[in-house]
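Engineer: The following block contains the structure, expressed as structure tokens.
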Amino acid sequence: MESDRVKWDQRYSGPEHFFSFAPSRLLANSLERIMSLVPGRRSLDLACGEGRNCIYLAQHGFDATGVDISPRGLERARKRAAEVGVTVELIEADLECWRPQGEYHLILNFNFLMRDLIPALVQALAPGGVLLMETILDAPGMPGEHRKDFLLQPGELGRIFGGYPGRVLLLEEEVDAPEMPVARVMFQKQV
């Protein structure tokens, strides 16, 4: 959607990076466990923005792919990957239309919610692969204005991933998070 592309290009055009170079705290804290679980090292980072998470994965031996709608964000990701000496595949795509090809051992879905995409993500997981997701949770007193369809509802991740063959390894809802209420799940597809 062109309006989304414009919005994110504007956010990624400032002098500072929209997010830090550091990976998501959830990813950093979970990586050792994930590496002990997954059968390979092919990863996919949805709505990767400036690439902080897919670059981090490449630094840890993953064949990392990031997908985002913003050419400006992807350009920053390319530059940062070159600076730290890793290779990542970066794909410019609107996730409303794009679907993963092939199998992945790890799929990241951070700060992005498109419920219709989740079945395709689970299908794209290799047997034993892991999907790690964290996004905004609809909660009382949440700061800012948000569209309800872009917010997880309480208990929703458990209901979604409980219906797939595999196991939920982590399921949390942090209603009182310091910055924004979030829900997170780590799901491993059945072998």
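The values are calculated or read from the model by the stated rules, or taken from the named source; none is laboratory data. Bear in mind that the values here come from a model prediction, so they are computed numbers and not experimental data. Every residue, glycine among them, receives a Cβ derived from its backbone with ideal geometry; neighbour counts consider all protein chains shown. Only protein heavy atoms, including side chains, enter the accessible area calculation; ligands, DNA and RNA are left aside. Shrake-Rupley method; radii C 1.70, N 1.55, O 1.52, S 1.80 Å.
Engineer: List, please: which pairs have Cβ atoms under 8 Å, are six or more places apart or on different chains, and start with a residue in segment 115-133 that is at positive phi and end with one that is surrounded by 17 or more Cβ atoms within 10 Å (Cβ to Cβ) and of a type in the set (A, V, I, L, M)?
Structural biologist: These pairs meet every condition: Gly128/Val38.
Engineer: If you take the residues of segment 65-115 that are out of contact with any helix residue (DSSP H, G or I) (no Cβ under 8 Å at 6 or more places or on another chain) and in a helix (DSSP H, G or I), which of them is nearest to Glu134 (Cα to Cα)?
Structural biologist: That would be Leu74.
Engineer: I've got another one for you. Take Ala183 and tell me if it is in a strand (DSSP E or B), in contact with a His (Cβ under 7 Å, 6 or more places away or on another chain) and surrounded by 15 or more Cβ atoms within 10 Å (Cβ to Cβ).
Structural biologist: Answer is no for this residue.
Engineer: Checking Asp94 against (1) among the charged types (D, E, K, R); (2) surrounded by 15 or more Cβ atoms within 10 Å (Cβ to Cβ); (3) within 15 Å of the chain's Cα centre (by Cα), which test does it fail?
Structural biologist: For Asp94, the exception is condition (2).
Engineer: If you don't mind, there's one more thing I want to ask. Scan segment 110-120 residue by residue and report those that are open to solvent by less than 60 Å² (accessible area, probe 1.4 Å) and either touching a Ser or Thr at 6+ places or on another chain (Cβ under 7 Å) or of a type outside the set (Gly, Ala, Ser) (or both).
Structural biologist: Across segment 110-120, the qualifying residues are Phe110, Phe112, Leu113, Met114, Leu117, Ile118.
Engineer: Let me confirm something: among Gly128, Gly144, which residue is modelled with pLDDT of 95 or more and either in a loop (DSSP other than H, G, I, E, B) or over 17 Å from the mean Cα position of the chain (by Cα) (or both)?
Structural biologist: Within the list Gly128, Gly144, the selection yields Gly128.
Residue by residue, here is whether (1) buried (at least 17 other Cβ atoms within 10 Å of the Cβ); (2) over 25 Å from Ala28 (Cβ atoms) holds:
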position	(1), (2)
Leu108	yes, no
Val122	yes, no
Pro127	no, yes
Phe161	yes, no
Val175	no, no
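Engineer: Of (1) modelled with pLDDT of 95 or more; (2) open to solvent by 20 Å² or more (accessible area, probe 1.4 Å); (3) in contact with a Phe, Trp or Tyr (Cβ under 9 Å, 6 or more places away or on another chain), Arg80 satisfies all except one. Which?
Structural biologist: Only one criterion in (1) modelled with pLDDT of 95 or more; (2) open to solvent by 20 Å² or more (accessible area, probe 1.4 Å); (3) in contact with a Phe, Trp or Tyr (Cβ under 9 Å, 6 or more places away or on another chain) is unmet by Arg80, namely (1).
Engineer: With the condition kept exactly as written, say whether any residue in segment 45-67 is surrounded by fewer than 19 Cβ atoms within 10 Å (Cβ to Cβ), of a type in the set (D, E, K, R) and in contact (Cβ under 8 Å) with a residue 40 or more places away in the chain.
Structural biologist: no
Engineer: If you don't mind, another one. Which one of the conditions (1) among the β-branched types (Val, Ile, Thr); (2) modelled with pLDDT under 95; (3) under 27 Å from Gly102 (Cβ atoms) does Val38 fail to meet, given that it meets all the rest?
Structural biologist: Status for Val38: all satisfied but (2).
Engineer: Another one. Name the residues in segment 39-57 that are under 9 Å from Val67 (Cα atoms) and among the acidic types (Asp, Glu), would you?
Structural biologist: Asp45
Engineer: If you don't mind, there's one more thing I want to ask. Between residues in segment 177-191 that are within 13 Å of Ile160 (Cα to Cα) and among the small types (Gly, Ala, Ser) and residues that are open to solvent by less than 20 Å² (accessible area, probe 1.4 Å) and part of a strand (DSSP E or B), which pairs lie under 7 Å by C-beta distance while being six or more apart or on different chains?
Structural biologist: Ala183/Thr135; Ala183/Leu137; Ala183/Leu152
Engineer: Using the structure shown, decide if Pro119 is part of a helix (DSSP H, G or I) and farther than 26 Å from Phe21 by Cβ.
Structural biologist: Judged against the criteria, Pro119 is a match.
Engineer: What do you reckon, is Met133 under 22 Å from Gly73 (Cβ atoms), within 12 Å of the chain's Cα centre (by Cα), open to solvent by 10 Å² or more (accessible area, probe 1.4 Å) and modelled with pLDDT of 90 or more?
Structural biologist: So Met133 does not fit the description; no.
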